[in-house]
1. Using a simple charge model, +1 on the beta-carbon of Lys and Arg, -1 on the beta-carbon of Asp and Glu, nothing else, what dipole does region B:8-129 show about its Cα centre, in debye to the nearest 20?
2. Compute a Gaussian network model of chain A, connecting alpha carbons closer than 10 Å, and tell me which residue from A:Ala95, A:Ala77, A:Ala166 fluctuates the most.
3. Mind putting a number on the dipole of region A:174-324 about its Cα centre? Charges go on the C-beta only, +1 for Lys and Arg and -1 for Asp and Glu, and I need it in Debye to the nearest 20.
4. Got the A:Pro37 label distances to the other copies yet, label 7 Å along Cα→Cβ, in nm, shortest first?
5. Explain nothing, just the number: relative contact order of region A:159-282, from Cα pairs under 8 Å at least 6 residues apart, as a whole percent.
6. Of B:Glu41, B:Glu277, B:Glu82, which has the largest mean-square fluctuation in a 10 Å C-alpha GNM of chain B?
7. Between copies, how close do the B:Phe17 label points come, placed 7 Å along Cα→Cβ, listed in nm from shortest?
8. Pull up the DSSP beta bridges for chain B and report the antiparallel fraction as a percent, rounded to 5.
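Please treat every number below as a calculation from the coordinates, not as lab data. Computed from a prediction, not measured in an experiment: that's the story for all the values here. Ideal geometry is used to build each Cβ from the backbone, glycine not excepted, and the neighbour counts take in all protein chains shown.
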Protein chains: 2
Amino acid sequence: MPAGEFDLIDQLVRTQFIQRDEVALGIGDDAALLDVPSGYELVISTDTLNSGVHFPEDTSADAIGHKSLAVSLSDLAAMGAEPVAVSLSLSLPEADEVWLKDFARGFFLLADQYKVQLIGGDTTRGPLSIGTTIYGKVPKGQAIRRNGAGPGDVICVTGTLGDAGAALLALQGELKLTGPQEKILLKKLEYPQPRIFEGQAIRKLATACIDISDGLVADLGHILKQSNTGATIYVDQLPVSETLRQCLDRASGWHLAMQAGDDYELCFTVPEDKQAELEDIRIEMDLPITYIGITEPRKGLHLMMPDGSLETLDIEGYEHFRSS
Amino acid sequence: MPAGEFDLIDQLVRTQFIQRDEVALGIGDDAALLDVPSGYELVISTDTLNSGVHFPEDTSADAIGHKSLAVSLSDLAAMGAEPVAVSLSLSLPEADEVWLKDFARGFFLLADQYKVQLIGGDTTRGPLSIGTTIYGKVPKGQAIRRNGAGPGDVICVTGTLGDAGAALLALQGELKLTGPQEKILLKKLEYPQPRIFEGQAIRKLATACIDISDGLVADLGHILKQSNTGATIYVDQLPVSETLRQCLDRASGWHLAMQAGDDYELCFTVPEDKQAELEDIRIEMDLPITYIGITEPRKGLHLMMPDGSLETLDIEGYEHFRSS
């Protein structure tokens, strides 16, 4: 715990119900204590959301609370981990009780859903910014990393892609939506659902996994680079939601599905000889999983377009000091 | 790891040498993996330093790098823990390579000293802010908490108190210092030394411990509240540095020693019957420890002044939404 632990964090903590066995000491001392069960590794991920950068300035406090935890949980999902606890660093321009109550509602509703205990944090005065460090557990050696994809693996994604990107376009005035369309897509942008169950379900089959925060091309690119392999994506296989289909032509929909971020779906690879087993799990657990391509020795990311033509993308150097 | 892991963190990581056995997977995936040895608990603390709030805006990047880690290490020290790893969230107005290099030098010099491995983090665009989450380990059940002080315990502090506060006064133009004085005191403010060795040395003797970030009165107040006990401090026993004595009269020096923050010394309590053992350790390890008072059943924090008069401080409600 920080120099300035005080009332605001105390207020937040009072709204939480989760008490985890792994938490030997929670909030209120110089530090928290975690007791990681033997046979497990602790999975740790840090994220920061800044107002005006990672979410529009007029986003509701409830949505910010949800999203700041969802983004962290999504990293655990991508490792196939079970959520345990979270630390929260809130930077706030002023001590606004109404804002804080709304933020806490969004944050703890999701925390309760996944049984995540808040174990520490601090609140400081400054421009609105939310930092989270999340802790999960995974059986030793079983975390799904990014570097395990081999040539010939099937590439899969969860859910649908491009919805959050479409909502962002609409907010920027670049896409016209009907009321119901906007409601559905905005919910995907503001209240992403981390794929915790899916991540754990595929853990023993997947050779690599990442969560799609920067867009399919960029994030699959991480897997390909770290696994030292290439891939072909069948563009007409990309899962696009009914809503996205209604408001965009097919080409624009595919473009968003490939390039837009913020969906927080999982992209993962499974060896071809495990695909039948994955299919069994998919059906049995009713998981929203789509097969979109295959990894291959030929380097680069190749897009098989619906007209049969092949486009090759450069997956190097697309990520720098980003403002979104 | 976050949505936006990219070059800046990569650059930072390249400057680090420490590889810990406990780190099963470091930077570069969706999350890091820690392997906590059996028989140990993981100690976790989160801190945020904002420019203009927690350090003056013209503080050097090197000092900011040092201090952001030192403040976190100090929390581990207060628990009696051994440092293991750290996650870093940097919010920067722009990607300034020179600033980043200086920051990294200050950060990793201290990280190397205490064998702390950087295992994750993110860099986002925004007002200058540094978030750290630090991980340490401590034998199960042996962390020093705040709530264990009993009546009759001896109250101790490490080092000297008030130096950082004096430097801050000088920076604000409220205290006149000679060049050498300013150099010494400014170093105490900008480059605090976490009391990691002291924290581990006293772990088996101390009943409660806290690091002094908000000032002795405020932080000892936490111990007293959580231990449900009172205390008397002998004001003329407070350790005041030679430099502070030179530039302030005795009363002002004591005032700073009691009220000023940012020293990051430890304040801890030891049962009276363990004081001889502590004294042996203090001499053998040459630890800078001073006995400054005693806990007692009578509630509140009482100050025995050098003239023999007794003042009582209210230790409730002194900490709110702070701007310093």
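1. Details: 7 positive and 19 negative charges, 38 e Å.
Charge dipole, region B:8-129, about its Cα centre: 180 debye, nearest 20.
2. In the Gaussian network model the winner is A:Ala95.
3. 200
4. 2.4
5. Answer for region A:159-282 is 45 percent.
6. Result for chain B, Cα springs under 10 Å: B:Glu277 fluctuates most.
7. Sorted ascending, the copy-to-copy spacings read 5.3 nm.
8. Details: 44 of 57 bridges.
Counting DSSP beta bridges with both partners in chain B, the antiparallel share is about 75 percent.
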